[in-house]
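Everything on this sheet refers to the single structure shown next.
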Amino acid sequence: QVQLVESGGGLVQAGGSLRLSCAASGYIVSINDMGWYLQAPGKQRELVASITSGGRTNYADSAKGRLTISRDNAKNTVYLQMNSLKPEDTAVYYCNADIRRRLWSSPDNYWGQGTQVTVST
């Protein structure tokens with residue numbers, strides 16, 4: 001069984017920073033794309049940023065310049081450094097990953113349980 005476990009969320013004042021982490025565990029052959037999504041109350045889940053196994057990144061326009069995604073392939077972990085946080089960044093942040101569990105199979109998509117980020121004024 002594969003699990004994605006997020007950590008690092010919490011309450012922070014506007015202008016502050018947080019660093020989210022997401023570690024994949026279980027029997028893993030390889031991990032392709034990893035990413036972070038957010039879901040604000042009453043809204044659909046949306047992409048924040050993603051990163052390929054080779055380190056190529058993609059950001060939502062709202063994240064550019066303030067948020068940085070990175071990964072440590074040896075640790076099967078993806079990070080999201082969040083700077084200059086705004087109240088509108090308040091949401092549950094979910095980790096997502098395409099994980100291959102068998103050498104010759106296609107990867108399956110997995111979600112973490114989510115971590116709450118609250119930015120106060």
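General remarks:
- Meets criteria (open to solvent by 40 Å² or more (accessible area, probe 1.4 Å), of a type outside the set (Gly, Ala, Ser), modelled with pLDDT of 95 or more and in a loop (DSSP other than H, G, I, E, B)) for LYS43: yes
- Screening SER53 on (1) of a type in the set (S, T, N, Q); (2) surrounded by 14 or more Cβ atoms within 10 Å (Cβ to Cβ); (3) free of Cβ contacts under 8 Å to residues at least 40 places away in the same chain shows it passes everything except condition (2).
Quick grid of which residues meet (1) open to solvent by 70 Å² or more (accessible area, probe 1.4 Å); (2) farther than 13 Å from GLY112 by Cα; (3) of a type outside the set (Phe, Trp, Tyr):
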| residue | (1), (2), (3) |
| --- | --- |
| LEU20 | no, no, yes |
| LEU38 | no, no, yes |
| VAL48 | no, yes, yes |
| ALA63 | no, yes, yes |
| ASN73 | yes, yes, yes |
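- Yes/no for ASP33 being among the charged types (D, E, K, R), farther than 19 Å from VAL117 by Cβ, under 14 Å from the mean Cα position of the chain (by Cα) and open to solvent by 60 Å² or more (accessible area, probe 1.4 Å): yes
- From the list TYR27, TYR94, TYR59, the lone residue that is among the hydroxyl-bearing types (Ser, Thr, Tyr) and under 11 Å from the mean Cα position of the chain (by Cα) is TYR94.
- Among residues of segment 81-121 being aliphatic (A, V, I, L, M) and assigned to a loop (DSSP other than H, G, I, E, B), the one that is most open to solvent (accessible area, probe 1.4 Å) is LEU103.
- Any hit, segment 5-13, residues being without any contact (Cβ under 8 Å) to a residue 24 or more places away in the chain and assigned to a loop (DSSP other than H, G, I, E, B): no
The values are calculated or read from the model by the stated rules, or taken from the named source; none is laboratory data. Please read all numbers here as calculations on a predicted model, not as lab measurements. Ideal geometry is used to build each Cβ from the backbone, glycine not excepted, and the neighbour counts take in all protein chains shown. In case anyone asks, the SASA skips ligands and DNA or RNA and just uses the protein heavy atoms, side chains included. Shrake-Rupley method; radii C 1.70, N 1.55, O 1.52, S 1.80 Å.
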